[in-house]
1. Can you name every residue in the range 254-274 that is in contact (Cβ under 8 Å) with a residue 60 or more places away in the chain and under 19 Å from the mean Cα position of the chain (by Cα)?
2. Report, by residue number, each residue of the range 413-434 that is surrounded by fewer than 20 Cβ atoms within 10 Å (Cβ to Cβ) and small (Gly, Ala, Ser).
3. Would you pick out the residues in the range 169-192 that are under 30 Å from Ala318 (Cα atoms) and outside any loop (DSSP other than H, G, I, E, B)?
4. With respect to the numbered conditions (1) buried (at least 18 other Cβ atoms within 10 Å of the Cβ); (2) closer than 25 Å to Thr238 by Cβ; (3) touching a strand residue (DSSP E or B) at 6+ places or on another chain (Cβ under 7 Å), which one is the sole condition not fulfilled by Asp481?
Amino acid sequence: MITRRAVLLAGASAGVLALSPSASLGRASRSVDTLPADAPVRRLSLSAREVDLPILGADKAVTKRFCAYDGMPFMTLRAPQGTRLMVDFKNDLPDPTTVHWHGIRVPNDSDGVAPITQKIIPPGGSFAYNVPLPDPGFYFFHPHCDETGQVGRGLVGLLLVDEPPERQVPFDLEHIIAVKDWRLGEDGQWLEMFTTEGASTAGTFGTVRAVNGLPTPPRRSAPANSDVRLRVIVADSTRVIDFGCDTDEAAVIAVDGQAITPFTFDKVPHGIWRMGPAMRLDVHVRMPEAGKEVKVYDYRSAEPYLLTTLVATESGKARTDFVPKALPIATEVPMPDLDHAERLDFLVQTAAGATAIAAPLPADDPLSKALIDSMCVGSATFWAINRNSWGAGPDLRLPPPLSTLKDGQSYILSITNATKQPHPMHLHGHVFRVLSSSKKKTMPPYVADTVMTEPNETVEIAFKATSGNWVFHCHILEHMDSGLMGWFMVV
Ligand SMILES: [Cu+2]
């Protein structure tokens, strides 16, 4: 017997086929592999599924339908630089999904963006991802389909790529800080993740703040005067934090996993590093004397929000001057040639009229929602880049590319945020240099895959283009799901 649900899903797939832009993607370029064919391979199985979890504590109600890779919150993969992950992914969710490997220079056909790099993976479906790891650093993976809903319910995995042993810089303790709130009702069950009010403003916030999944911030011990490496990620759908700590002996050593020339927090405005969703930061903290603590905060909240306490224990080291440890700069990452770069200007703006996406059916028909889900977009449009919104329009067509770029050519993107909200903008498949900001004149140089653009700020980034169809979007997930996404065709 064919269920109503099966009919809807079949209808949705047919809809995708009918509406897919494959004709306009006909010139899609070859998929570049960033590792040699004989690179060591690690083959692994990965599933996305729903589990019931007591995420608020053993004495609280069990939260149903938590989404997790292999059933584990913040499932973490770790592999040596130069390894190729061959990932046999199975969708055990009741909804379509894909996997995006954020910050990793993957071949375009493993980038996980439906419908431009692959079709959605229906419930019960599978997909083989080729994930080369050419660069060391801190990355993560997440769905690129109903991201607001699936990431909101927990579907985030972490990916750490280590340098070869002879290039590793030793630390006494490594501590991950994953910032992600939970949006739960009093009964411990999920609230609606996408709201019109949130999507059209700063996003819909969680109701329970959490670090590493738990409402109580972690306390970690480290020997007095020793060296701690904090690896910080904002895995939230919405929250922007101002990362900082209450010691002068702390330095940023990598941004978005990419090693940079270290700088201490007194070198940046207000002594904080602003991080939006998807941004990562590696920080070297020197522990104080025995018995003292270092507190790590989000200073953006009205009251600084404690992210972690580091406690210095006895049996420490002798005190020496604090010199930030420089990680080896990844020479494999292609860097732009600024002398020969082409310049492109982009305006991040609100969508005129905020038109709802009209599926070719009444809005209250369940098939209408299924169709929209199959395009991996939300049901409303509030945002645009250069007047184009993703998935907008009466027939769910993709917008034309923001620009057609040349493989190997360097580009400077000037991004102006003409809205009243900050937007952390992420470019797939590339690492870029952040060149300038109209508001932050004293920023140290760094490279990244996601850059914050504040209201009325113009930020310039530069990168060398690699073949493929790569999306460029805001990582406040409701913003991207309501139009704030475009794409570059690189040929
Ligand atoms: Cu945004």
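The values are calculated or read from the model by the stated rules, or taken from the named source; none is laboratory data. Only a predicted model underlies this, so the values are computations on that prediction, with no experimental measurement involved. Counting neighbours? That spans all protein chains shown, and the Cβs are built from the backbone with ideal geometry, glycine included.
1. Here is the first cut: in the range 254-274, the residues in contact (Cβ under 8 Å) with a residue 60 or more places away in the chain are 254-264, 267-269, 274.
If the condition is that a residue be in contact (Cβ under 8 Å) with a residue 60 or more places away in the chain and under 19 Å from the mean Cα position of the chain (by Cα), then Ala254, Val255, Asp256, Gly257, Gln258, Ala259, Arg274 are the ones that fit.
2. Hits for the range 413-434 are Ser414, Ala418.
3. Keep residues of the range 169-192 that are under 30 Å from Ala318 (Cα atoms), which gives 169-177.
Hits for the range 169-192 are Leu173, Glu174, His175, Ile176, Ile177.
4. Failing condition for Asp481: (3).
Table: residues versus (1) assigned by TED's automatic domain parsing to the domain that holds Tyr139; (2) within 24 Å of Ala251 (Cα to Cα); (3) without any contact (Cβ under 8 Å) to a residue 12 or more places away in the chain; (4) not polar (S, T, N, Q).
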position	(1), (2), (3), (4)
Asn388	no, no, no, no
Ser414	no, no, no, no
Pro422	no, no, no, yes
Gly429	no, no, no, yes
Lys441	no, yes, yes, yes
Thr458	no, no, no, no
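For (1) buried (at least 22 other Cβ atoms within 10 Å of the Cβ); (2) modelled with pLDDT under 95; (3) among the hydrophobic types (A, V, I, L, M, F, W, C), each residue gets a yes or a no:
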site: Pro80; (1), (2), (3): no, no, no
site: Leu93; (1), (2), (3): yes, no, yes
site: His102; (1), (2), (3): yes, no, no
site: Ile120; (1), (2), (3): yes, yes, yes
site: Gly124; (1), (2), (3): no, no, no
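Condition check ((1) hydrophobic (A, V, I, L, M, F, W, C); (2) part of a strand (DSSP E or B); (3) within 19 Å of the chain's Cα centre (by Cα)) across all residues:
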site: Asp88; (1), (2), (3): no, yes, no
site: Leu93; (1), (2), (3): yes, no, no
site: Gly112; (1), (2), (3): no, no, yes
site: Val131; (1), (2), (3): yes, yes, yes
site: Leu155; (1), (2), (3): yes, no, yes
site: Phe194; (1), (2), (3): yes, no, yes
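Residue by residue, here is whether (1) assigned by TED's automatic domain parsing to the domain that holds Gly391; (2) over 30 Å from Lys60 (Cα atoms); (3) of a type outside the set (S, T, N, Q) holds:
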residue: Ile120; (1), (2), (3): no, yes, yes
residue: Asn130; (1), (2), (3): no, yes, no
residue: Leu133; (1), (2), (3): no, yes, yes
residue: Gly137; (1), (2), (3): no, yes, yes
residue: Phe141; (1), (2), (3): no, no, yes
residue: Ala178; (1), (2), (3): no, no, yes
